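The numbers here are math on the coordinates, done by the rules we state, and not lab data. No experiment lies behind these values; they were computed from the predicted model shown. Every residue, glycine as well, gets a Cβ built from its backbone with ideal geometry; the counts of neighbours run over all protein chains shown.
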Amino acid sequence: MKLKKELNLLEVFCITAGAMISSGLFILPGLAYAQAGPAIFISYLLAGFLATAGMLSQAELASAMPKAGGTYFYVTRSMGPAVGTVYGLTTLLALALKSAFELIGMSVFTCFIVDIDIRIIAVSLCLIFVVINLIGAKGAGRIQVMLVTCILAALLVYIIRGLPAVNVHHFEPFSPKGSSAILATAGFVFVSYGGLLKVASIAEEVKDPGRVLPLAMILSLLVVIMVYMMVIFVTIGVVGADRLNTTLTPITDGAAAFMGSWGAIVLSIVAILAFSSATNAGIMGASRYPLALSRDDLLPKFLGKVNARFKTPHNAILLTGIIMIIALFLKLDLIIRAASSVLILTYMFACLAVIILKESRLQNYQPRFHAPLYPWIQIIGIVGFGLLLFKLGGEALLVSLILIVAGFLVYWFYGRINAVKEYALLHLIERITAKELTSHSLETELKEIIRERDEISKDRFDGIIEHSIVLDVDEGMPAGEFFKLVTDALGERLKLKPDDLLKLFLDREKYTSSVLSPGLAIPHIVIEGGRSFDILLARCKAGVEFSESAPRVHAVFVLIGTRDERNFHLRALAAIAQIVQDPHFEKKWMAAKSKEALRDIVLLGKRRR
């Protein structure tokens, strides 16, 4: 059962922004300040810059393949099911760990209101958000809009009221522990930008995903970076170093410094809303990974079940909730570093996936958004993420290694037995070595994704093309010889004599040439009988010579039908005319790897339906 498309641009923006504006702002600045001093301002900016490199790759992938599971789906289709299984499970755990961190933060602030053990509060809140997500993505999206609107409004007031109270002496010394500490802290706070992954994982539930996903990701990251910079600047400027080094509530302390106790209460409430927003988005995003793995037969089928009433993956959501509850009992610093390390790996994988998909020259990899400055953005991202990962320290790397080994074992003992997937890396190796390693299965899957993304409904023209004869000829030939190939292929199918068909085509060509433009011909004839129509597609790499004065033709669309199909005959001509108007049509036609690839060019061509 498919997930329901019901999230719009505002809801997707709020899911992404709300997933980022939480622990990274309301708890981490204090922990980060203890590591790098006032220079955490630069650490957050550096982490945001690298997140931008990863986000642009994510946005391209999401616009090309808006499927549940987000980057897991892209990684599997680019690097194979083994890497995909490892990646999907580690990302599920990373997002669950991050969401558990949000719950702990939420519980810290809730303790100001009710005196109950933090973990009891966290477990209770986790169960509440699991129920919200079980009910449906639309409801969770609406809650997210309300939460994020309140959070951004309150933070804007915090910035405006706080700027006049900033004491510049609080920024001295600016970098007491040097540039190495700034870089290490950038890796530590990178978890603050993990929310971008969550929106990619719910791509299948977004309306017009090819446009909405990249736009929402870009807007949310820009807004969040600006909010982080301004809020942290104000906080450092109004709270002394002694307090910032030890606090888990830096923004609340900042509000108390220039707005008094009522400001601290308001910002504590805002923090609770922020953690609610991030946890809600976290469960929504993380739960789509086991769903996607199950669909690919890399995890048991029951995790891929979608609730008939609410259209949500209920088993995957429940699994995510269980992982989060277990994570609540881990050490806080370990949770942060483990989540950051896996999220950094995730962005590296996204950059690498774009490179592999582009260089494999897959015809049906057709993103609506293209990351600029390819491949430099991806290379900068991979190198930068590698440095951040190295700076996180041995404990975080060890946790990441354990998760990777565990994911590979799951693939080896379960996924390897149940699933066989074609992936883009095979196409890249095939292109380099000129060995036949692939079928058309990945291209077919990408074609169906494009149809779903662009909401292309099949019509009669599509049905005929899907079952049409395709001729792919290397050597050049005169028109008469070409029509002999055509009539031999069509005669048996239409139960007509090839010689009679050949005469009709040659007579039609004498009357008026079927060459419509350099490189393109559309010969079409009317036959006797009723309710019969067919189309033949042909590519001749060396070209068909229709006349000595005209250039050789490489693309030929042959139309043949009875008189009662005259209206559809005209509609088919109009459809082909629109498809071949694509300025890249001839280049695509000549570069197509197979007969199926030629057929896909027509099926996915832009035309009115």
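For the peptides 47-53, 115-121, 63-69, 317-323, what is the packing order when you average, over each peptide's residues, the other Cβ atoms within 10 Å and list the highest mean first?
63-69, 47-53, 317-323, 115-121
Put a dot 7 Å past each Cα toward the Cβ at Ser180 and Arg361; how far apart are the dots in nm?
4.7 nm
Step through the residues of the range 162-167 one at a time and calculate ³J(HN,Hα) from phi using the Karplus curve (6.51 cos²θ - 1.76 cosθ + 1.60, θ = phi - 60°), rounding each to whole Hz and writing x for Gly and Pro.
So the J values, rounded to whole Hz, are x, 4, x, 8, 5, 9.
Treating only the Cβ atoms of Lys and Arg (+1) and Asp and Glu (-1) as charged, compute the dipole magnitude of the chain about its Cα centre; round to the nearest 20 debye.
720 debye
Output ³J(HN,Hα) for the range 574-580: one whole-Hz value per residue in order, computed from phi by the Karplus curve 6.51 cos²θ - 1.76 cosθ + 1.60 with θ = phi - 60°, and x for Gly and Pro.
So the J values, rounded to whole Hz, are 5, 4, 5, 4, 5, 5, 6.
Given a Förster distance of 25 angstrom, what is the FRET efficiency for Arg531 paired with Ala577, based on the Cβ-Cβ distance and rounded to 0.05?
Here the calculated transfer efficiency is 0.55.
Which listed residue (Ser514, Ser468, Gly480) has the Cα farthest towards the positive end of the charge dipole for the range 456-603, taking +1 on Lys and Arg C-beta and -1 on Asp and Glu C-beta about the Cα centre?
My answer, from the dipole projection, is Ser468.
List nothing, just return the count: lysine pairs in the range 9-418, 8 or more apart or interchain, with Cα separation under 14 Å.
Pairs that pass both the separation and distance tests number 6.
Could you check the spin-label model distance between Ile379 and Glu548? Points 7 Å from the Cα along Cα→Cβ, value in nm.
In this crude label model, Ile379 to Glu548 measures out at 5.3 nm.
Enumerate the amide H contacts of Ala68 below 5 Å, restricted to partners 5 or more residues apart or on another chain; note that Pro and chain-start residues carry no placed amide H.
Glu204
Suppose the chain between Ile116 and Ile464 were pulled fully straight at 0.36 nm per residue; how much longer would it get relative to their current alpha carbon spacing?
Separation in residues times 0.36 nm, less the Cα-Cα distance, equals 118.5 nm.
Only bridges with both residues in the chain count here: give the DSSP antiparallel percent, nearest 5. Intermediate results must be reported in sequence, preceding the final value.
Values: 10 of 24 bridges.
Of the beta bridges lying entirely in the chain, close to 40 percent run antiparallel.
Counting only DSSP beta bridges with both residues in the range 456-603, tell me the antiparallel percent, nearest 5. Don't jump to the answer; show the numbers that get you there.
Details: 10 of 23 bridges.
If we restrict to bridges inside the range 456-603, about 45 percent are antiparallel.
Using alpha carbon centroids, what distance separates the range 392-464 and the range 235-279, in Å?
So the two Cα centres are separated by 44 Å.
5 Å is the cut-off here: which amide hydrogens, built 1.01 Å from N in the peptide plane, fall below it relative to Asp472, excluding neighbours closer than 5 in sequence?
Sorted by chain and number, the residues that satisfy this are Arg539.
What residues from the range 269-294 fall in the zone where the backbone N is under 16 Å from a label point 7 Å along the Cα-to-C-beta line of Val131?
Correct set: 280.
For the peptides 248-258, 77-87, 279-289, what is the packing order when you average, over each peptide's residues, the other Cβ atoms within 10 Å and list the highest mean first?
279-289, 77-87, 248-258
Work out how much length Arg566 to Phe49 would gain on full extension: take 0.36 nm times their residue separation and subtract the Cα-Cα distance, in nm to one decimal.
180.2 nm
Just in the range 314-360: which chymotrypsin sites (Phe, Trp or Tyr not before Pro) are loop by DSSP and have at most 10 other Cβ atoms within 10 Å?
In loop regions of the range 314-360 (DSSP not H, G, I, E or B), the sparsely surrounded chymotrypsin sites (Phe, Trp or Tyr not before Pro) are Phe329.
Starting with the highest mean, order 16-24, 531-539 by the number of other Cβ atoms within 10 Å, averaged over the residues of each peptide.
Sorting 16-24, 531-539 by mean packing, highest first, produces 16-24, 531-539.
Would you kindly derive the ³J(HN,Hα) couplings of the range 305-316 from the backbone phi angles with the Karplus curve 6.51 cos²θ - 1.76 cosθ + 1.60 (θ = phi - 60°), listing them in order in whole Hz, with x for Gly and Pro?
Running phi through 6.51 cos²θ - 1.76 cosθ + 1.60 with θ = phi - 60° gives 6, 10, 4, 5, 7, 9, 6, 10, x, 4, 5, 5 Hz.
Sum -39500 (n - 2.57) across every DSSP H segment of at least 4 residues in the chain, then divide by the residue count to get the 222 nm mean residue ellipticity, nearest 500. Kindly include the intermediate steps, with their values, before the conclusion.
Values: 26 runs with 395 residues, N = 609.
Rounded to the nearest 500, the figure is -21500 deg cm²/dmol.
Along the positive direction of the dipole of the range 1-110 (beta-carbon charges: Lys, Arg +1; Asp, Glu -1; about the Cα centre), which of Ala100, Ala68, Leu50 reaches farthest?
Towards the positive end, the residue furthest out is Ala68.
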